[in-house]
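So the structure is just underneath, and the comments pick up after that.
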Amino acid sequence: MKVVIAGGSGFLGQALATALAVDSHDLVVLTRHPGGGQHAATSRPGRIRPVAWAPTGEPGPWASEVDGAGAVVNLAGESIAGKRWSAAQKTRILDSRVRATRSLVAAIRGASAPPPVFVSGSAVGYYGPLGDEPVTEEAPPGADFLAGVCVHWEQEAARAASDRTRLVCVRTGLVLGKDGGALPQMLPPFRLGAGGPVGSGRQYWPWIHRDDWVALVRWAITATAVAGPVNATAPNPVTNATFASALGRAMHRPAFMPAPAFALRLLLGEMADALLLSGQRALPAKAQRLGFTFRFANAEDALAAIFAVRRDRSASE
């Protein structure tokens, strides 16, 4: 099967593309820079082929790759945490997602053989900042900036849904991986023995191991009963304080030094409240109801596995 991935050169896209290629699928990665950062060839049948695209909101020459594809996956968009949120940066975050999704939807709607499934990215930020009440896919959207981004993102994706194309919106939480995402940015204080909770530590962090995220998206591509929003979060979200303790144990470092909320707000501005000082107790209700099984259900096990791999690799080097 041919799978087209927009945003396939990032932290999540690379892992997904590699896993699908190992499964003998043919991958087309839509990228602004097809000559650089290409995936290494896998040892099994299946290839990863970069194709240039410019997500302007309209289809381009790349749209021919969508016609006849078995699945299209949309992970494109400006990094949420890449820069401090100025007004211009917030516009880039929203517009990059809307334009990329609109481009793909136009290609799908214009295809003579549209893909049977369109998996489009979203985030648990859809629900807005919440307390400790469990949240499933049935919950309404929040009212802050990230919630608005997710609402617009999913609205654009919804235009691709038809009796020929099944739509899945993957609302992703904090993805844990050893070589990208948010986790490496958390490590320096812990390495110095100054790690700990951020703010009150009572806010819930809905997390997922990257291997489970990849497995969930692969499952969503093939499981025809899956449609609409799906929370890509582990079954056991934890408070930030619990997460910090688990991270400290995995690293064999102390985890009792809190990062004050006021300092984070001074450093990061609005982004501190949205990404660090608030959260959602999001549960993967739909995935579990439809039979998806998580390999890493507990943060302790997920972090222990990540840092065991790090130690094994360091020892071999």
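The values are calculated or read from the model by the stated rules, or taken from the named source; none is laboratory data. This structure is a prediction, so every number in the text was calculated from the model and none was measured. Please note: Cβ atoms are built from the backbone with ideal geometry, for glycine as well, and neighbour counts cover all protein chains shown.
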Task: Residues that are within 19 Å of residue 299 (Cα to Cα) and not in a helix (DSSP H, G or I), drawn from the stretch 201-229 - done: 201, 202, 203, 204, 205, 206, 207, 208, 209
Open item on the list: I'm told residue 88 meets every condition in (1) without any contact (Cβ under 8 Å) to a residue 40 or more places away in the chain; (2) under 20 Å from the mean Cα position of the chain (by Cα) except one. Can you identify the failing condition by its number?
Closed with: (2)
TODO: Please verify whether the stretch 88-101 includes one or more residues that are part of a loop (DSSP other than H, G, I, E, B), out of contact with any Lys or Arg (no Cβ under 6 Å at 6 or more places or on another chain) and surrounded by fewer than 18 Cβ atoms within 10 Å (Cβ to Cβ).
DONE: no
Open item on the list: Given the criterion within 23 Å of residue 147 (Cβ to Cβ) and among the hydrophobic types (A, V, I, L, M, F, W, C), identify the matching residue among 241, 227, 250, 255.
Closed with: 227
Task: Residue tally, condition more than 19 Å from the chain's Cα centre (by Cα) and part of a helix (DSSP H, G or I), over the stretch 103-123 - done: 6
Task: Residue check, residue 220 touching a Phe, Trp or Tyr at 6+ places or on another chain (Cβ under 6 Å) and farther than 27 Å from residue 243 by Cα - done: no
Open item on the list: Take residue 261 and tell me if it is more than 16 Å from the chain's Cα centre (by Cα), within 25 Å of residue 151 (Cβ to Cβ) and surrounded by fewer than 17 Cβ atoms within 10 Å (Cβ to Cβ).
Closed with: no
- [ ] Check whether at least one residue in the stretch 231-253 is closer than 19 Å to residue 72 by Cβ and in contact (Cβ under 8 Å) with a residue 60 or more places away in the chain, and report yes or no.
- [x] yes
Open item on the list: Given the condition in a helix (DSSP H, G or I), modelled with pLDDT of 95 or more, more than 19 Å from residue 276 (Cα to Cα) and within 18 Å of the chain's Cα centre (by Cα), answer yes or no: does some residue in the stretch 139-152 qualify?
Closed with: yes
Task: Residue in the stretch 267-283 that is among the basic types (Lys, Arg) and within 23 Å of residue 134 (Cβ to Cβ) present - done: yes
